Amino acid sequence: MTAASLDTTARSSAERGALARARLLRGLLPALSLALVLLAIAWLNPRAISYFGFSLMLNLAIPIALATIAQMFVIAGNELDLSIGTFVGFVGCVTATWLKDAPLIGVAILLGSIGIYALLGALIHLRNLPSIVVTLGMSFVWQGLAILVLPKPGGKAPDWLLAIMSFKPPFIPFPIIAALLIGLVVHFGLMRTSYGVILRGSGGNPAALKRAGWSLLKTKIVLFALAGLFGVLSGMALIGITTSADANIGNGYTLLAIAGVILGGGEFVGGRVSPIGAVIGALTLALAASPLLTFMHIPPDWQVAANGAILIIVLAARVLISRRER
Amino acid sequence: MKKLLVLGALAAMLASGTALADTSGKKIAFSNNYAGNSWRQAMLDSYGIVTKKAVDDKIVGAADIFTTADKEVPTQAAQVQNLILQGYDAIVINAASPDALNGAIKQACDAGITVVSFDGTVTEPCAYRVVVDFKDMGKQEVEQMAKFQPKGGNLLEIRGLAGTSIDDAIHAGILEGVAAHPEFKIVGSVTGDWDQTTAQKAVATILPSLPDVVGIVDQGGDGYGAAQAFAAAGKPRPTIIMGNRQDELKWWKEQKDKDGYKTWSASIAPGVSSLAFWVAQQVLDGRKDIPHDLLVPYLAFTQDDFEAALPKIKEGGVATHEYTQEDALAAIKANIK
């Protein structure tokens, strides 16, 4: 009898070991794909691997990383946000107009928009609406508001924002520091605090959380407000880089952000997300879609298709490896 | 093909090509944000033809084309940054936004790269802008109309896509032309969106309420639609200014063969991309006297030369012109005052 129980403990510890290894592999996967893309870029254009090169290649990845984190909060709650791209565009237009000319009103509008995000979370939870439908509708609202704020391209980023985004720290390029900071702060908040566990749990196993006495309404509101907050940061960062806004500036971010979360090890089932992975996923996508493509010298007729092909290959590699883990 | 380049064509032979520096090792990139319509395709074709020859002739080292996957500003901004990293000496750009790319354009200038924008130009002061003189085109339409209709009369105006700078400029030119020719009076105005179907519908709607019209001033891509609307209503055919589209020139030829119908045609040539290329080459050549805002001629056809051009235009396409280095020199000279 003792022998038998020993046998089972041994087996379960071996299983646990395998599971831990799979989890490690899964955690390393985003970093691995980033390394691969970087190697390819280094091989194609060694000049890009430098302080100046990284500053240029990665600075537009920062707003993508922030939008990806925003999307990650929504996906953590087992929802999907199809409006994050146009929301970033709206924030951009406010940043380039109100925030510069009348900072107080600008801040109020941006805080108000985060409030709207929180209300959306409440609406989706209370009326039990599919988030895809609600956020798809909101994407047109944000787009319309953006055009209202800025009917034709223009405006100018506030000087302090320009100064932050063109900051040149010694040795390590600013985008890398910013990416590390974003990843670590969100990782600590969502993965290491007890309320972070609750937030993830509300997406992963809402029934259990509800039975334990936690308010699912509150968690959903918090998740959506956090998404709004990071959407605002994304829009501001974007305008800090481009210096001027356009109502359509963020439209491409919706799908990039979803792809970034998935590439970074997140899953659509809710609760299974990784902040550091999401940031790395956003960086990988930004690098794979633009610098890698530009450096490959593909004939112009094929460039658009090649862009899509690279994204599919990168995402397929992620799915292949996570399949093996099962 | 005999082409009438309204501004500065005569100066082409007089302009001297003074080579100050060697550009044979220089690399020029073309950043393009959209390739999805016939005008853009013609633009890329013209650019490809001209630059391939320039590379073969060892005038420049390389001239590569980069098209972004979407029309988005951040994608093109990232692309410009990557072109900086690639070590290009100049970037020719058809930009997704006049303002929102300024950050990336400034970075390129700071890295010592020459930036020449055209069609979709950028407002960043360090870049060059190749702008077609749409206002003069609008004015010229009325001037030409005065030749065909010396007695004057009522005009119908067809506007382009609302809210664009091009529509604004052509309209302003037309108003200026009418002010200079008081024998003409604009009795109606419709929006044709540079599209034959839209123009036909708009003209057909306003026709019953109009007095007799002797001429139509428009913006290109709308002349054939207007002609159809008049034919369907059984109204006498006015003098319709054309816009270099294949269907428009074909209709013009049919009418000319029938009863000697006379008109005039003008539009921006997609080949203006090749002009931007030569401007970039000239800047790399060391010329310091090139103005940052270059007004260049539009492409026009008259009664005498449009038939020669017609067979060369693709079905459903638009007339283009590949600019030569001499054309660019002439255009630059015309802008130095």
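For chain B, the longest principal axis of the Cα atoms and the long axis of helix B:246-259 meet at an angle of about 40 degrees. The alpha-carbon positions of chain B define a convex hull whose volume is 134 Å³ per residue.
Estimate the FRET efficiency between residue A:180 and residue A:47 by the formula 1/(1 + (r/R0)^6), using the beta-carbon distance for r and 35 Å for R0, to the nearest 0.05. Using R0 = 35 Å, I get an efficiency of 0.90. Does region B:18-141 come out rounded, prolate or oblate, given a ≥ b ≥ c as the square roots of the eigenvalues of its C-alpha gyration tensor, rounded meaning a/c under 1.5 and, failing that, prolate meaning a/b above b/c? Note, shape of region B:18-141 comes out rounded.
When shorter helices are ignored and each DSSP H run of at least 4 residues is given -39500 (n - 2.57), the per-residue value for chain A at 222 nm works out to -25500 deg cm²/dmol.
Label positions at residue A:207 and residue B:305, each projected 7 Å from the Cα along the C-beta direction, are separated by 8.0 nm. In this simple spin-label approximation, residue A:171 and residue B:57 carry label points 7 Å from Cα along the Cα→Cβ vector, and these lie 5.3 nm apart. Would you please state which residues of region A:236-271 a label at residue A:32 would reach in this model, taking the label point 7 Å out along Cα→Cβ and a backbone N cut-off of under 16 Å? Taking a point 7 Å out along Cα→Cβ of residue A:32, the residues of region A:236-271 whose backbone N falls under 16 Å are A:263-266. Applying the criteria of a DSSP loop state and at most 13 other Cβ atoms within 10 Å to the trypsin sites (Lys or Arg not before Pro) of region A:156-230 yields no site. Taking the Kirkwood radius as Rh and the Cα radius of gyration as Rg, chain A has a ratio of Rg/Rh equal to 1.01. An ellipsoid equivalent to region A:75-221, defined through the eigenvalues of its Cα gyration tensor, has semi-axes of 31, 23, 12 Å when rounded to whole angstrom and sorted largest first.
The calculated FRET efficiency for residue B:326 paired with residue B:176, based on their beta-carbon distance and R0 = 25 Å, is about 0.25. Here the average projected area of the convex hull drawn through the C-alpha atoms of region A:179-252 stands at 6.3 nm².
Taking the square roots of five times each eigenvalue of the Cα gyration tensor of region B:88-190, the equivalent ellipsoid has semi-axes of 39, 13, 8 Å, listed largest first. Helix content alone sets the calculated 222 nm mean residue ellipticity of chain B: runs of n ≥ 4 DSSP H residues at -39500 (n - 2.57) each, divided across all residues, give -12500 deg cm²/dmol. Packing order of peptides A:296-309, B:203-216, highest average first: B:203-216, A:296-309 (average count of other Cβ atoms within 10 Å over each peptide's residues). Assuming a ≥ b ≥ c are the square roots of the Cα gyration tensor eigenvalues, decide whether region B:134-267 counts as rounded (a/c under 1.5), prolate (otherwise, with a/b larger than b/c) or oblate. Rounded is the answer for region B:134-267, as its axis ratio a/c remains below 1.5. Here the peptides A:26-39, B:49-62 are ranked by packing, the mean other Cβ count within 10 Å, and the order with the highest first is A:26-39, B:49-62.
Label-to-label distance for residue A:39 and residue B:110 is 3.3 nm, based on points extended 7 Å past Cα in the beta-carbon direction. Nearest 0.05, what FRET efficiency do residue B:212 and residue A:268 give at R0 = 56 Å with Cβ-Cβ as r? FRET efficiency, residue B:212 to residue A:268: 0.25. Calculated on C-alpha atoms, the gyration radius of the protein assembly as shown divided by its Kirkwood radius gives an Rg/Rh of 1.06.
Once you sort the root eigenvalues of the Cα gyration tensor of region B:243-337 as a ≥ b ≥ c, which label holds: rounded (a/c under 1.5), prolate (a/b larger than b/c) or oblate (the other case)? Cα axes put region B:243-337 in the prolate bin. Given their separation in residues at 0.36 nm each and the Cα-Cα distance between them, residue A:133 and residue A:147 gain 2.8 nm when the chain is fully extended.
Since every read-out is calculated from the coordinates, none of them should be taken as a lab result. Everything quoted here is computed from the prediction, not taken from an experiment. Cβ coordinates were reconstructed from backbone atoms using ideal geometry, including for glycine residues, and neighbour counts include every protein chain displayed.
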